[in-house]
Amino acid sequence: MTSRSSFRRGRFRDALLMYLAVGLGTAIGGVLRAGVSLAPLEWLGPGFPWGTLAANGIGSFVIGAYAALTGPDGRLFVSTRQRQFVMTGICGGFTTFSVFSLETLKFAAQGDYRLAALNIGGSLAIWLLAVWAGHALAMRLNRLDGWRRPAGPKQERIDDMQLPEQALALRIFIGEDDKDDGRPLYEAIVLKAREMHLAGATVLRGALGYGHSSRLHTSKILRLSEDLPLVVEIVDSEDRINAFLPELDRLMTSGLITIETVRVLQYGDQAVRNTGDGA
């Protein structure tokens, strides 16, 4: 009973923090939008709603880029709360469809159907082009090599470690919201593996999944799930994996671990060095 109450309190706290993050982001976005909307009135005077066009265009570009950068294959490994803060909060508060609708209605009510049609057609074209441009740019950045993710280590490799041909593959199934002393559990596991000089660790984020609770977790753009599935994969010798397991037991509070024997085939410079050493 105590465990269930604690779980409910944790769920309530997570939901509250998420909505607070969205509210804070909305306040920031609203203030920024006021500045963008009022600036053209000062510079150009009343007339065509350049401020609304610019705000929605900038917001479309940002949300397109951020969605691609923080998606399952993106370079930024951020939490659901951060994603909601930016996309639902800041972008939602910054952009405004209601003002666009009102301005278009005013043009039509004044009989200026040309400006009304221009506002509709031009706005939709620019906004769709902006979200496409942001998404396309972010996807190009995702494909670049050598970028270190500042939001968290999605993949850590230690290139100078040698692996035996027969090794163990350790897979750790956890949730995105699992923590260890306030920091993400996946980060704690990867840093501990690097500290113990394991050959390498990779964190994979699931796009869709469910666990023992049967609650569906999804990575859709405006996802509300606080616990997306993650898999941490580590491959190394049996001795190193066995030495790492006690540390892993200390870090884990829930989740699933699998261990299996694998055959390692290495390519690139490391494989060349190994071949040369054995010659």
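Throughout, read-outs are computed from the coordinates displayed, never taken from laboratory work. All figures in this text were calculated on a predicted structure; none of them were measured in a lab. Note that each Cβ is placed from the backbone with ideal geometry, even for glycine, and that neighbours are counted across all protein chains shown.
A few remarks follow.
- Listed residues Ser37, Ile63, Phe100: farthest to the positive end of the dipole of the stretch 1-135 (Cβ charges): Ile63
- Global size of the stretch 2-142: 18.7, 66 Å for Rg and Dmax (C-alpha atoms, Rg to one decimal, Dmax whole).
- Sorted ascending by nearby beta carbons within 10 Å, beginning with the fewest, Leu245, Leu251 become Leu245, Leu251.
- Leu38, Leu53 arranged by Cβ crowding within 10 Å, fewest neighbours leading: Leu38, Leu53
- Cα→Cβ-extended label distance, 7 Å offset, between Ile257 and Ile28, nm: 3.7
- Among the chymotrypsin sites (Phe, Trp or Tyr not before Pro) in the stretch 12-109, none sits in a DSSP loop with a Cβ that has at most 15 other Cβ atoms within 10 Å.
- From the alpha carbon centroid of the stretch 14-43 to that of the stretch 47-114 is 11 Å.
- Computed E for Phe173/Ser101 - FRET, C-beta separation, R0 45 angstrom, nearest 0.05: 0.45
- Residues Arg9, Arg83 arranged by fewest to most Cβ contacts within 10 Å: Arg9, Arg83
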